[in-house]
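Accompanying notes for the structure given below.
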Ligand SMILES: Cc1cc2nc3c(=O)[nH]c(=O)nc-3n(C[C@H](O)[C@H](O)[C@H](O)COP(=O)(O)OP(=O)(O)OC[C@H]3O[C@@H](n4cnc5c(N)ncnc54)[C@H](O)[C@@H]3O)c2cc1C
């Protein structure tokens, strides 16, 4: 549900740029997700960054001198490695979720795509962070949320 085409960042453009290339346009506007993605692509192109999207690193070792990075069939060696794999990729569902009646549809934000996944009837959203607020905005258009 956070994937709606009109999804916008909650930080204005002036905070969304990276060093060396200010975010284009009105510095106080809230960019759409597509504008932010375009900016990142432009940034990588402008600075000739060798970004490899959709490449999951599966192994990292050190031989005492250099690091060896494996991603499927691809391999690299490097003197330095920065781990920036994020902190929020594993969905966490509380244990009591398994005790709820089976006719209650339960979705973690990780698997939410659009309100069509929900049954008719009211929606209870647990968690009022950014994901929760955006999902509530979207479900409230079609469901009592
Ligand atoms: C709904 C929502 C809206 C948000 N809106 C804003 C906003 O408007 N403005 C703002 O400033 N912040 C916003 N944030 C917060 C922002 O997204 C995070 O703070 C930021 O993405 C954290 O950056 P990160 O680089 O630490 O981790 P991530 O962005 O999580 O990046 C980690 C990357 O590492 C990759 N990765 C993980 N494991 C591997 C592996 N084994 N091999 C290769 N790659 C791997 C992941 O695929 C991912 O691309 C929002 C967050 C959410 C959930």
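Here the sum of -39500 (n - 2.57) over DSSP H runs of 4 or more residues, divided by the residues of the chain, equals -5000 deg cm²/dmol at 222 nm, to the nearest 500.
Using a/c under 1.5 as the rounded threshold, could you call segment 95-139 rounded, prolate or oblate? The axes a ≥ b ≥ c are square roots of the C-alpha gyration tensor eigenvalues, and prolate needs a/b larger than b/c, oblate otherwise. Because a/c hits 1.5 or more and a/b fails to exceed b/c, segment 95-139 counts as oblate. Taking all Cα pairs closer than 8 Å and separated by 6 or more residues, the relative contact order of the chain comes to 20 percent. Taking a ≥ b ≥ c as the square roots of the eigenvalues of the Cα gyration tensor, segment 1-51 is classed as oblate, since a/c reaches at least 1.5 and a/b does not exceed b/c. Taking a ≥ b ≥ c as the square roots of the eigenvalues of the Cα gyration tensor, segment 1-100 is oblate, since a/c reaches 1.5 or more and a/b is not larger than b/c.
Each reported figure results from applying straightforward, stated rules to the coordinates on display, with no laboratory input. What you see is a predicted model, and the numbers here were worked out from it, not measured in a lab.
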